Amino acid sequence: MSLEWIALTVVGLLVSHTSAALLGSTIKDFFRNRLQKKPTVVLRSKIGGRDTFKFDHWVSDLPHDLAKQLETLGTDFLIKKDGPDPDLLDGAPPKAPVVPKLKPRTIDANFVTEKFEPGAVGTLTITIRLPTSAVKGKWQGQALLQPDGGAIDVILETQGFTLVSERPPPVEVSDERDTPPMAFELRIEESNPRWIHVLLVQGGSPVGELTINDFSQLGADAAHRASTDFRPSSEADLTLVIRSTDGRIEVSSPRGRASLDHVTISGFRYPQMPFRKLLAGRLKDLYDSKSNPEDTEREMKLVGAELAGCLPPDLIKLLRRDDIKSIMLRHEEDFDFPLELVFLDDAKDPFFIGDRIAICRWFLGVTNPPDIVAKKLARVAFLKGTDAAFAADERLLQGLFGQQAETFGARGEVVEKIFKTANFDLIHFTGHCRQKDDTQGGLELADGSFLRLGDVGQLEAERKFAASYPFVLLNACASATPFLGLTQRDSFGHRFVMSQACAVVGTLWPVSGPIANDFAQRFYAALSAETIGRALLTAKKALADGTDAGGADERQKALRKLARQVAARSYCLFANPDLRVSGLKQLEKINVVS
């Protein structure tokens, strides 16, 4: 009997990223000698005991004892032969990308210093080893190299260290031997947290990644474990690694697009006035019925133009290219710059970047890379806020998921029934995010309690929700006073990313309740058919182009139209741009709430 797909379900489901990493290493050993000519089988691991998938390995033959071998690994797998995608998940399943034969390698890292203390200098060595070679360093990661991609460039980003030597040149990788060690002299600085982020780039595409933030072997305090695996996925048109403290941006772009292989662009700076203060007055004007919409729109463009002046001219040229439709922004935990709001002025074609380009973000220094590419949304937790806007989103989720959507309106419920379990694939909040006083603040729930930053992933017993790799949507609507940024270290975006969320969607500044409801409807509708990066852009464009029945005169209607456009630019995404979700019911129509 010929099967296009074979589904193997065995006892013992993965419940942690650590288990996934160890499993990945085992699979690499098993298939090490089977990476032959044309890959015809994709092995895709099912992690966390749920319908969440990461692309792991591509192999060229299907051994007759495969089922027996996989059974010993104690997890779930899907094995795809040539043929159409299966209907194993509800809705349209993710399509496996077509990739050439890949060459597995091990990133072997070591750090040597006489004393691990501020002021001391140590040597970090990076060696790219064959899979059969013994490792010698303290930390290992994985790389999957393109067969004819050329030399490997090593991008090193750090926090708590300063590079005091020249960066080694690109290295050629042989099929017969390990590369020579590439050495980086680093001075240890005062810092908490402290991390080293190693990114391997080949032909403008990321091919390997290793994050080190546990230095306990060197006498420093332990943090999280170093990452140990890397999974290939389709890359964005432009990858920007931002080091704002140095004023530089490392740029990569695949061949066939901008074709940039780890190019350093200098000249980035923050605006003289923090953008949140710059933006606060403009946001207030959007909700003031006495405001002049033409004046307000002009002021928003002035803010965007000032932000554009903070970017290097070479980067602006790249952002104007027609073939740059998606960006992966990798940045530090304290990076607070709204690329989405940058306005590129031009006599013929002026535009805000967030209106045309799908921008996805991920933090540097976190051990879980943005490599989740398929997620089934089965059970849904709706966090109900105090704002009346929650009602429309609650009805929307009930329509999309039926009885699988459950509502929570108190912090105690959220902690006990969500954070202490791995039951929910989607966590959706609608309401206010605000600071009440010095001791209270966060997501304001229906009973008046606050879900605080410290409630997310701090205690071991309350980290079980991370095992489901949740999809998180924070539809925070509030008055026109910007709250603490979604993109910063002390933010809900950062906390959920650190807690293994496969995606976090939220706002960079507050939006009104009806607009938040409209966005949710349009986003879920687009998400049922598109990747998350494209779905976000589709929803933002539809939101900006839409109209509502509010406003008694033309001025108010124009002002509300402008408010929608500005609100659309506030939505921000942390995820792999190629993530696809399933389990959503098709929306018959969009009911715009005015």
Exercise for review: Can you give me the number of residues within the range 131-152 that are under 14 Å from E172 (Cβ atoms) and more than 26 Å from the chain's Cα centre (by Cα)?
Suggested key: 4
Point to revise | Hits in the range 199-216 (condition: crowded, with 24+ Cβ neighbours inside 10 Å and part of a loop (DSSP other than H, G, I, E, B)) | key: G204
Review point. Which ones in the range 380-395 are basic (K, R) and either buried (at least 18 other Cβ atoms within 10 Å of the Cβ) or modelled with pLDDT of 95 or more (or both)?
Key: K384
Review point. Surrounded by 22 or more Cβ atoms within 10 Å (Cβ to Cβ) and among the acidic types (D, E) - does that describe any residue in the range 396-418?
Key: no
Exercise for review: Would you mind finding the one in G409, G385, G354, G365 that is outside the structural domain of G160 (by TED's automatic domain parsing), of a type in the set (G, A, S) and on the phi > 0 side of the Ramachandran plot?
Suggested key: G365
**Study point:** Test set (1) in a loop (DSSP other than H, G, I, E, B); (2) at pLDDT 50 or above - V99 fails condition number
**Key:** (2)
Point to revise | helices (runs of 4 or more DSSP H) completely within the range 241-324 that count 3 or more residues being touching a helix residue (DSSP H, G or I) at 6+ places or on another chain (Cβ under 9 Å) and either modelled with pLDDT under 80 or of a type outside the set (F, W, Y) (or both) | key: 275-286, 293-308
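Filter the range 450-479 for residues that are of a type in the set (S, T, N, Q) and farther than 29 Å from I515 by Cβ; which is surrounded by the fewest Cβ atoms within 10 Å (Cβ to Cβ)? Outline the logic, then answer.
Our first condition is that a residue be of a type in the set (S, T, N, Q); within the range 450-479, this holds for 458, 468, 475, 479.
This time we only want the ones that are farther than 29 Å from I515 by Cβ, so: 458, 468.
Numbers: Q458: 13, S468: 28.
If we take residues in the range 450-479 being of a type in the set (S, T, N, Q) and farther than 29 Å from I515 by Cβ, then Q458 is surrounded by the fewest Cβ atoms within 10 Å (Cβ to Cβ).
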Exercise for review: Please note which strands (runs of 3 or more DSSP E) are completely contained in the range 107-173 and include at least 1 residues that are of a type in the set (A, V, I, L, M, F, W, C) and farther than 17 Å from I196 by Cβ.
Suggested key: 139-145
Review point. If you check every pair at least six apart or on different chains, which have Cβ atoms under 7 Å apart with a residue in the range 326-337 that is touching a residue at least 12 places away in the same chain (Cβ under 8 Å) first and a residue that is aromatic (F, W, Y) and in a loop (DSSP other than H, G, I, E, B) second?
Key: F337/Y270
Review point. Which residue, of E340, E333, is assigned to a helix (DSSP H, G or I) and at pLDDT below 90?
Key: E340
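For K540, indicate whether it is under 20 Å from I353 (Cα atoms) and either in contact with a helix residue (DSSP H, G or I) (Cβ under 8 Å, 6 or more places away or on another chain) or assigned to a helix (DSSP H, G or I) (or both).
On the way: under 20 Å from I353 (Cα atoms): yes; either in contact with a helix residue (DSSP H, G or I) (Cβ under 8 Å, 6 or more places away or on another chain) or assigned to a helix (DSSP H, G or I) (or both): yes.
The answer is yes for K540.
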Point to revise | All positions within the range 113-137 that are touching a Leu at 6+ places or on another chain (Cβ under 8 Å) and more than 26 Å from V251 (Cα to Cα) | key: T113, F116, V121, G122
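The values are calculated or read from the model by the stated rules, or taken from the named source; none is laboratory data. The structure presented is a predicted model; accordingly, all values stated were derived computationally and were not measured. Positions of Cβ are generated from backbone atoms using ideal geometry, with glycine treated the same way; all protein chains shown enter the neighbour counts.
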